[in-house]
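The values are calculated or read from the model by the stated rules, or taken from the named source; none is laboratory data. Owing to the predicted nature of the structure, the values given are computational and were not obtained by experimental measurement. Heads up, the Cβs are rebuilt from the backbone with ideal geometry, glycines too, and the neighbour counts pull from every protein chain shown. Side chains are part of the model used for accessible areas, which takes the heavy atoms of the whole protein and leaves out ligands, DNA and RNA. Shrake-Rupley method; radii C 1.70, N 1.55, O 1.52, S 1.80 Å.
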Amino acid sequence: MPRLAELKCAADPVEEGPPFVGLDADILDSLVSSAVHTRRKDLWDEVWAALIAAGVDVAEPPGVRTDAHDFVRDGLHMSRDEIIRAQAQLQTFQQKAPVYKTNLFQGKGIVIMAGGLTYFVPAWINVHMLRKAGCTLPVEMLFPKKEFPTEAVERELKRLGVLCSVLPDLVPPHVVQSSNSLNDTEGKSLAGFAMKSAAVLLSSFEEVIFLDSDNVAVADPSPLFDSTAYLAKGAVLWPDYWASSAAPDLRRILPAVKLPTNTFESGQMVLNKRRQGDPSGPGVWTGLVLAAFFNLQSRLYYELMGNFMGKGDKESFALGLSVAGLPFHLVTTPVGSVGFNSKPFGSQCKRGSGVLQDGCGFAGNTMAQYSPEGKLMFLHTNMKPKWNLGIPADFSFYNRRWQILQPDNVPISNALGNLGRDPEKEVYQLLVLLRCKPFLEPYVAEMRLPQKMGSDTVFPLGLRDGFHTLYEGVDFRRAYRWGMLGPFQEYTELTMEDHLQRAKNVWGKAFLGRLVWPYKKLRSKKYLYPGF
């Protein structure tokens, strides 16, 4: 196996010329000033004040939604009292929610939620690939306080046109930390779930392209700000693979709201915080504040917005906009999937041959998202492993994760042919570049300090014979068998066995659930459907 010393460290393209994006010193000073940080903290405190007024102790769902037990499939519902309580909390929050701050936001830019050793590497890739795609917009990376990078890393990012900002405490110190309502139904802290909505809400820009740190732009996203869809609605969102699996209780809480029939993927969003109908309007601000509310009440709303497949913040932005009565544009091109076949690509894998799954075993590990005009724009590496530094010293040892694009079932090189580039090879080269950077190991050491992320934090630095070895990815047949529906069916060859297994899972488990769970809850009649 090649040794670390054999890594060939090339010069950073940034060092061979001027910065990709010049950050005006006066603007930069204004964005990072202590006054701005104070105003950000004050704004987030206003969000929490509204949440506390509404009630931190959320209304309770009747159960959880996992692949083994799903309270919707089991026929359970929130009680009438819990529905009324949830409605009252939402109404109070809306009345107390903070208004748009004209002195806090300016201009257009890209926002990335970064932080920690796991997400820094893909964020590094993200920014470099934006620049390679020709994007000249300024970028703001937001970090939790304990995960803010070292000065050397901050300087490096600044040369890439990146402003590093710190998020305020997402759960303020004055809030009782032991409250069960500060965790979701799986015991995870709601502070983590609120990060994305807080990053969008508190970012420095008035007009935002938000990108997950592991989202790779293969085309310049800047034109999204000039698209007809964005100019007409002020918000552009993208679809996920699945049809909506929202619980009926969500409709009972929001009877006047038109709920989406699809699910959403929040790895990329375009949002104008201010604009709504005319430039002087409040924009999508009220929807973003409501999205923060749904994330801060994740114990309830994560169970209501969808089942275990993609549970999290991704539905909260569309729901927030819908509750606020604000329009948004949903990209009409269905989400594609990029992954690999268990056998090399060949004629036996053609769509419609009946052997796409059985013969080639397609497994998707990356979401392919398109511009409003239908152009491939983003490859969102949403499945683990994320990009990391456990890399081979030579590209010939590298195992590609991007091989096949669905639903067309074509080599990804065909879809990217007009770029004249090999994005995955570029990612590999950027990983080598980062591995060679002198700031990296001191940064890793600092992140592992007890007051930072802790010594147990995993961050692979060694070499491997292969990189991102072929792994399972999303098994779309399995998702269908469980009961999921959606655009993924377009590129999933299904057999009679799949249909029978789906019927067994959907109808059989639902029938058993309706027999067993009401018996278990016999003494808790609030969980039975009250006809409200």
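General observations
- Boolean, S322 is out of contact with any strand residue (DSSP E or B) (no Cβ under 7 Å at 6 or more places or on another chain) and either at pLDDT 95 or above or of a type in the set (V, I, T) (or both): yes
- Of all residues assigned to the stretch 222-236, none qualifies as being among the acidic types (D, E), open to solvent by 10 Å² or more (accessible area, probe 1.4 Å) and in contact with a Phe, Trp or Tyr (Cβ under 8 Å, 6 or more places away or on another chain).
- Residues located in the stretch 115-148, provided they are open to solvent by less than 10 Å² (accessible area, probe 1.4 Å), modelled with pLDDT under 90 and in a loop (DSSP other than H, G, I, E, B): G115
- The listed residue being modelled with pLDDT under 95, of a type outside the set (D, E, K, R) and assigned to a helix (DSSP H, G or I), out of L224, L201: L201
- In the set (1) of a type in the set (V, I, T); (2) under 27 Å from A88 (Cα atoms); (3) crowded, with 21+ Cβ neighbours inside 10 Å, the condition left unmet by T261 is number (3).
- When the residues of the stretch 149-171 are filtered to those that are assigned to a loop (DSSP other than H, G, I, E, B) and either touching an Asp or Glu at 6+ places or on another chain (Cβ under 7 Å) or of a type in the set (D, E) (or both), the one that is most open to solvent (accessible area, probe 1.4 Å) is D169.
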